[in-house]
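Only one structure is covered here, and it is reproduced in the block below.
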Amino acid sequence: MDSKEKQELLDYYWGNEPVYHPTEGIPMPRRTVWKIRFLAMVLLGSYVVFTAAIVMASPPMPVISWLIGALAGGFCADLLSGLTHMYIDFGTSNRKNPIHKELFLSRVHHHELHRPAKLNYASLWFSPALSSFIVLGLIPAFLGRLLTLPVNLEMIGPFWLSLLWFSSFSQVAHAYAHGKAKHPVARKVVRSLQKMRLLIPPKVHGKHHREIDCNFSVLNGWSNPLLNKIFKKRIEAHVSSNTSPARQKADMKQNLSYPYEEIL
Ligand SMILES: [Zn+2]
Ligand SMILES: [Zn+2]
């Protein structure tokens, strides 16, 4: 890639970047902030309606079934957050398309830890919540009806809802691991949830930032032992030299700065 192509890519990747950069970049316009807040409220309403529909369709079941389903859903949501994170960290960005833009901007987080934590809650929640709602909620519901699968809601209702809700909060949990909670009461509650391992503790996620090749999950960390094994045994050998953990660690030591041409 020559320098003109690199500049064009960087212009495209940073073009509408809404996170205000300390020295460069643009703030998210107020209208966009309110638009995202409105969309997030509509989506939250859809989550509530979907949840009510599943709960009403589920037969009465003991609390233990809900508990087991909730834990299994929390584990799988964490696993999905870790697999997505692996793809983001090791996928290359060399094309002008929204996916490559997202990969590039997400990898900048390794150099600017404050980036997710600076976003407002609606922005942090909306994007993963929308993809989870479509992929984990609507599509399985639609396919289940279309194929008239013999799915017993008694077996999957609690798991399904837990997977959906936990997945929607992945970026909020990640931002909390980077100190998003500022109000003393919020900070206390978040710390307790992190201690109980319902949210990923900063120490566990911090290891990923130091070593790159481990602790990929960003939700609660329950799946990290499994994901760390999968990465070492099945994935690390296939990572491109452009995004290898060793290369990324070396990049971090260089104190790179905006617009991060080196990580393209
Ligand atoms: Zn990462
Ligand atoms: Zn992080």
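Percent of alpha carbon pairs in the chain separated by more than 28 Å? Walk me through the numbers before you get to the answer.
Working: 13934 of 34716 pairs.
Percent of Cα pairs beyond 28 Å in the chain: 40.
Can you work out the FRET efficiency for the pair Val48 and Ala246, with r the C-beta to C-beta distance and R0 = 35 Å, to the nearest 0.05?
On the way: r = 46 Å, r/R0 = 1.31.
After rounding, the FRET efficiency stands at 0.15.
Tell me, what % of the accessible area of segment 3-263 is carbon and sulfur with a 1.4 angstrom probe?
65
With angles folded into 0 to 90 degrees, how steeply does helix 184-195 sit against the dominant principal axis of the chain? Use alpha carbons for both and round to 10.
80
Quick one: what are the phi-derived ³J(HN,Hα) couplings along segment 45-58, Karplus 6.51/-1.76/1.60 with θ = phi - 60°, whole Hz, x for glycine and proline?
Running phi through 6.51 cos²θ - 1.76 cosθ + 1.60 with θ = phi - 60° gives x, 5, 4, 5, 4, 4, 4, 4, 5, 5, 4, 5, 7, 7 Hz.
Can you divide the C-alpha Rg of segment 146-264 by 2.2 N^0.38 Å and report the result to two decimal places?
On the way: Rg = 18.3 Å, N = 119, 2.2 N^0.38 = 13.5 Å.
Cα-based Rg divided by the globular estimate yields 1.35.
At what distance in nm do the modelled label points of Thr32 and Val63 sit from each other, each positioned 7 Å from its Cα along Cα→Cβ?
It works out to 4.6 nm between the two label points.
Determine the alpha carbon to alpha carbon distance for each of Lys4/Lys253; Lys6/Lys249; Lys6/Lys229; Lys101/Lys188; Lys101/Lys232 and list only those over 31 Å.
Working: Lys4/Lys253 26 Å; Lys6/Lys249 22 Å; Lys6/Lys229 35 Å; Lys101/Lys188 35 Å; Lys101/Lys232 27 Å.
The answer is Lys6/Lys229; Lys101/Lys188.
With Rg and the Kirkwood Rh both taken from Cα atoms, where does Rg over Rh land for segment 77-177?
Working: Rg = 15.9 Å, Rh = 15.2 Å.
Using Cα coordinates only, the ratio equals 1.05.
Given only helices, namely DSSP H runs of n ≥ 4 each adding -39500 (n - 2.57), what is the per-residue ellipticity at 222 nm of the chain, to the nearest 500 deg cm²/dmol?
Numbers: 13 runs with 166 residues, N = 264.
Result for the chain: -20000 deg cm²/dmol, rounded to the nearest 500.
Taking the dipole about the Cα centre of segment 3-263, with the C-beta of Lys and Arg at +1 and of Asp and Glu at -1, give me whichever of Ile235, Ala53, Ala186 is farthest to the positive side.
Ala186
What lysines sit close enough to Lys195 to cross-link, taking a C-alpha to C-alpha distance under 18 Å and skipping anything fewer than 8 places away on the same chain?
Straight-line reach from Lys195, under 18 Å: Lys180, Lys182, Lys203, Lys207.
For segment 202-233 and segment 236-256, what is the separation of their C-alpha centers, rounded to whole Å?
Cα centres, segment 202-233 to segment 236-256: 16 Å.
Any idea of the accessible area per residue across segment 29-170, 1.4 Å probe, to the nearest Å²? Mind dumping the intermediate values first?
On the way: 7810 Å² over 142 residues.
Averaged over the residues of segment 29-170, the accessible area is 55 Å².
Please give the helix 3-14 orientation as an angle from the longest Cα principal axis of the chain, in degrees from 0 to 90, rounded to the nearest 10.
40
By how many degrees, between 0 and 90 and to the nearest 10, does the Cα long axis of helix 153-168 differ from the longest principal axis of the chain?
30
Can you tell which of Phe133, Phe38, Phe169 shows the greatest fluctuation in a Gaussian network model of the chain with Cα springs below 10 Å?
Per the Cα network of the chain with a 10 Å cutoff, Phe38 tops the list.
Roughly how much of Arg30 is accessible, in Å² to the nearest 10, using a 1.4 Å probe?
Near enough 150 Å² of accessible area.
The values are calculated or read from the model by the stated rules, or taken from the named source; none is laboratory data. Worth saying up front: this structure is predicted, and the values here are computed from it rather than measured. Backbone-built Cβ (ideal geometry, glycine too); neighbour counts: all protein chains shown. Keep in mind that these areas ignore ligands, DNA and RNA; they rest on the heavy atoms of the full protein, side chains included. Shrake-Rupley method; radii C 1.70, N 1.55, O 1.52, S 1.80 Å.
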